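Heads up, the thing below is written out as structure tokens.
The values are calculated or read from the model by the stated rules, or taken from the named source; none is laboratory data. Values in this document were obtained by computation on a predicted structure and should not be read as measured data. Heads up, the Cβs are rebuilt from the backbone with ideal geometry, glycines too, and the neighbour counts pull from every protein chain shown. Note: accessible area is taken over every heavy atom of the protein model, side chains too, but ligands, DNA and RNA are not part of it. Shrake-Rupley method; radii C 1.70, N 1.55, O 1.52, S 1.80 Å.
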Amino acid sequence: MNDENAYEAWKRSRSGAEAEEGFADRVMKEIRRLQGPRETTPVGMRVLVRLLSNRYVAAAMLILALALAMGRTGLLVAFILAMPE
Amino acid sequence: MTEDHETILRVRSGDTDAFRFLVRRYERPLVCMIRNMIANPQTCEDIAQDVFVSAYQALGTYDPARCRFSTWLFTIARNKCLNALKRKSAGLMADVPERPDRHGPHDRLAEKELFEHLDATLAALPLEQKTAFVLSELVGLSGVEISGIMNVPVGTIRSRLSRAKAALRESLSRFAGGDA
């Protein structure tokens, strides 16, 4: 083997390095792990949880739910309850 | 719009799985680069994984108008390698997978010795020369791309490359001379 061939063969040997099998899977798994559970929770659920964590919004929604459950009388009660002092 | 850019837009819009395409596309050249700069094979895999995870996390900051995605990715990889080398100033490089045998036992031994000799020469090169050589000759990037990654003019890259090649050729000649 002459010098030029040896040099090219050596370069090929060093450029042949590859990632181990399943490398992409490991990367994607790590990305999902770092993202945490937020990614798996539906967007609607996240918005609802955030809204309900505000006590005023939670109270308003409870009143609305009561009003809907009790019909017209409930609506009136809910309206009185929600009226500012 | 390039395939990379389309994929990046999909990832940014919430399609995490689309990022797998970029991993599959760049894992080979990236691992090649890192393996030629870092000693421990396990560390190489860890760094390569870290590069992709960091790229995913910083994808929002990537600006396609400034450089190609590959340039941006290799810049992250270079910085990670430099940090790893700073933490552990190991000059040796990783072993690379053995190639299929096509020669007799004597030839194989001579070739192994020669390759080890060249590996040692490459490992002993100044880091900037080694980086330029690895990116150009082993990964196959252009001078302009390497210039973007290393943040120096193309002329400087050519000069570093030339010095690295000269050192390797001299090493090769010395080995051949000593062998004869």
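Quick check on segment B:29-36. Is at least one of its residues part of a loop (DSSP other than H, G, I, E, B), in contact (Cβ under 8 Å) with a residue 12 or more places away in the chain and crowded, with 17+ Cβ neighbours inside 10 Å? Checked against the condition, which is being part of a loop (DSSP other than H, G, I, E, B), in contact (Cβ under 8 Å) with a residue 12 or more places away in the chain and crowded, with 17+ Cβ neighbours inside 10 Å, segment B:29-36 yields at least one hit.
Selection of first residues in segment B:120-147 that are at positive phi and of second residues that are buried (at least 16 other Cβ atoms within 10 Å of the Cβ), restricted to Cβ pairs under 8 Å at least 6 apart or on distinct chains, gives the following pairs, ordered by first then second residue: B:Gly140/A:Ser15; B:Gly140/B:Pro29. If you go through segment B:133-180 and pick out every residue that is within 14 Å of chain A (Cβ to nearest Cβ) and either open to solvent by 60 Å² or more (accessible area, probe 1.4 Å) or part of a helix (DSSP H, G or I) (or both), you end up with 24.
For segment A:4-40, a residue qualifies if it is at the interface with another protein chain (Cβ under 7 Å from one of its Cβ atoms), open to solvent by less than 80 Å² (accessible area, probe 1.4 Å) and modelled with pLDDT under 75, and the qualifying residues are A:Gly16, A:Ala17, A:Ala19. Considered as a group, the residues in segment B:1-48 that are over 15 Å from the mean Cα position of the chain (by Cα) and among the hydroxyl-bearing types (Ser, Thr, Tyr) include one that is nearest to the other protein chains (Cβ to nearest Cβ), and that residue is B:Thr16. Is it true that some residue in segment B:57-77 is at the interface with chain A (Cβ under 9 Å from one of its Cβ atoms) and at pLDDT 75 or above? Yes: one or more hits. I'd like the residue in segment B:49-82 that is part of a loop (DSSP other than H, G, I, E, B) and of a type in the set (A, V, I, L, M, F, W, C) and, out of all such residues, is most open to solvent (accessible area, probe 1.4 Å). Going through the qualifying residues, I end up with B:Ala65.
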